[in-house]
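Chemist: Please find one structure pasted underneath; my questions will follow.
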Amino acid sequence: MQRHPGWRRGILSLFAGVALVGSATLPALAAEIAAHVKGPDGKPLSDAVVVAVPEDGAWKAPRAPAQEIVDQINHAFVPRVKPVLVGTPVSFPNKDSVRHHVYSFSPAKRFELPLYVGTPSEAVVFDKPGVVVLGCNIHDWMIGYIYVSESPWFAKTGEDGRAVLTNLPARAYAVRVWHPRMEGAEEAMLTRADLSRTGRAEVAWELKLKPDFRPHRHAPGRGPGRY
């Protein structure tokens, strides 16, 4: 069968068009935000949570979050600050040889795990955004924090005060920061990062901090029941 000379060009153009349409429907997930957080003395600040929220308010809800863990080791919550996505179940294993009584009265999640050792049978699901302050009824110096983010794009700073949020769709974001000792509200710390052109942005904060008042830590094995 004799074909028209232009048939090959037409077929190639058709495939090229399909490829372009297909690539246009794929999300661009190569963008990132690099954050640097310092204290009032200009030194790097660890345990600061950085959250990016798309300005257009549009993103797909991720799959059900995997279970996370906050340990109790040497009469302390480890890690002290744990950022999670809303809806995340968190388990609180007690790896000490004494019993702990974990609780929170925070509006974002009120719960109580009465005196126990080992791992509780059920994890606690953090189903509302906000900051949840953890405590122990027996050891009042044990204080920890669960930061529950409504956005799937968040990270916590390390000892160098830096955090990188990766795999973001290339669009504009409102970016905020939170720290347990931060003065003022998160909303006052908002900044903007536009990833639609370069695919990368840098943000930085120098936070004012409240004094670090913590209850005195007692020697283990003292008191009623050697808790």
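The values are calculated or read from the model by the stated rules, or taken from the named source; none is laboratory data. Note that the coordinates shown come from a computational prediction; the quantities given were computed from them, not determined experimentally. Here Cβ is always computed from backbone atoms with ideal geometry, including for glycine, and neighbour counts include all displayed protein chains.
Chemist: I need a count of the residues in the range 30-62 that are within 15 Å of Met182 (Cβ to Cβ), assigned to a loop (DSSP other than H, G, I, E, B) and touching a Ser or Thr at 6+ places or on another chain (Cβ under 9 Å).
Modeler: Matching residues across the range 30-62 total 4.
Chemist: So, in the range 128-182, how many residues would count as being part of a loop (DSSP other than H, G, I, E, B) and over 13 Å from Val49 (Cβ atoms)?
Modeler: Counting residues in the range 128-182 that are part of a loop (DSSP other than H, G, I, E, B) and over 13 Å from Val49 (Cβ atoms) gives 13.
Chemist: Please give the number of the condition Thr166 fails out of (1) farther than 13 Å from Leu85 by Cα; (2) of a type in the set (Ser, Thr, Tyr); (3) under 11 Å from the mean Cα position of the chain (by Cα).
Modeler: Among (1) farther than 13 Å from Leu85 by Cα; (2) of a type in the set (Ser, Thr, Tyr); (3) under 11 Å from the mean Cα position of the chain (by Cα), the lone unmet condition for Thr166 is (3).
Chemist: While we're on this one: Could you tell me whether any residue of the range 50-57 is of a type in the set (Gly, Ala, Ser) and touching a strand residue (DSSP E or B) at 6+ places or on another chain (Cβ under 6 Å)?
Modeler: Yes, some residue in the range 50-57 is of a type in the set (Gly, Ala, Ser) and touching a strand residue (DSSP E or B) at 6+ places or on another chain (Cβ under 6 Å).
Chemist: What are the residue pairs meeting all of these: first residue in the range 104-118, first residue part of a strand (DSSP E or B), second residue of a type in the set (Lys, Arg), Cβ atoms under 8 Å, and 6 or more apart or on different chains?
Modeler: Close Cβ pairs (under 8 Å, with a partner that is of a type in the set (Lys, Arg)) amount to Ser104/Arg110; Lys109/Lys128; Leu115/Arg99; Tyr116/Arg99.
Chemist: Among the residues of the range 172-188, which ones are farther than 16 Å from Lys156 by Cα and at pLDDT below 95?
Modeler: We begin by selecting, within the range 172-188, every residue farther than 16 Å from Lys156 by Cα; these are 172-174, 183-185, 187-188.
Passing the criteria: Gly184, Ala185, Glu187, Ala188.
Chemist: Mind listing just one residue for me: the one in the range 71-103 that is of a type in the set (Lys, Arg) and touching a residue at least 40 places away in the same chain (Cβ under 8 Å) and, of those, surrounded by the most Cβ atoms within 10 Å (Cβ to Cβ)?
Modeler: The residue in question is Lys82.
Chemist: Is it fair to say Glu32 is under 28 Å from Ser196 (Cβ atoms), in the same structural domain as Gly199 (by TED's automatic domain parsing) and loosely packed, with under 15 Cβ neighbours inside 10 Å?
Modeler: Working: under 28 Å from Ser196 (Cβ atoms): yes; in the same structural domain as Gly199 (by TED's automatic domain parsing): yes; loosely packed, with under 15 Cβ neighbours inside 10 Å: no.
Taking the combined requirement at face value, the residue does not satisfy it.
Chemist: Looking at (1) more than 21 Å from Ala66 (Cβ to Cβ); (2) aliphatic (A, V, I, L, M); (3) assigned by TED's automatic domain parsing to the domain that holds Glu55, which is the only condition Ala155 fails?
Modeler: Tallying (1) more than 21 Å from Ala66 (Cβ to Cβ); (2) aliphatic (A, V, I, L, M); (3) assigned by TED's automatic domain parsing to the domain that holds Glu55, Ala155 fails exactly one: (1).
Chemist: Continuing with the same structure: Would you say Ala61 is under 14 Å from the mean Cα position of the chain (by Cα), among the aliphatic types (A, V, I, L, M) and modelled with pLDDT under 95?
Modeler: no
Chemist: To continue, here is another question. Do we have any residue at all in the range 38-48 that's at pLDDT 95 or above and of a type in the set (Lys, Arg)?
Modeler: So far as the range 38-48 goes, yes, one or more of its residues are at pLDDT 95 or above and of a type in the set (Lys, Arg).
Chemist: Among the residues of the range 59-70, write down those that are buried (at least 17 other Cβ atoms within 10 Å of the Cβ) and over 13 Å from Val124 (Cβ atoms).
Modeler: Hits for the range 59-70: nothing passes.
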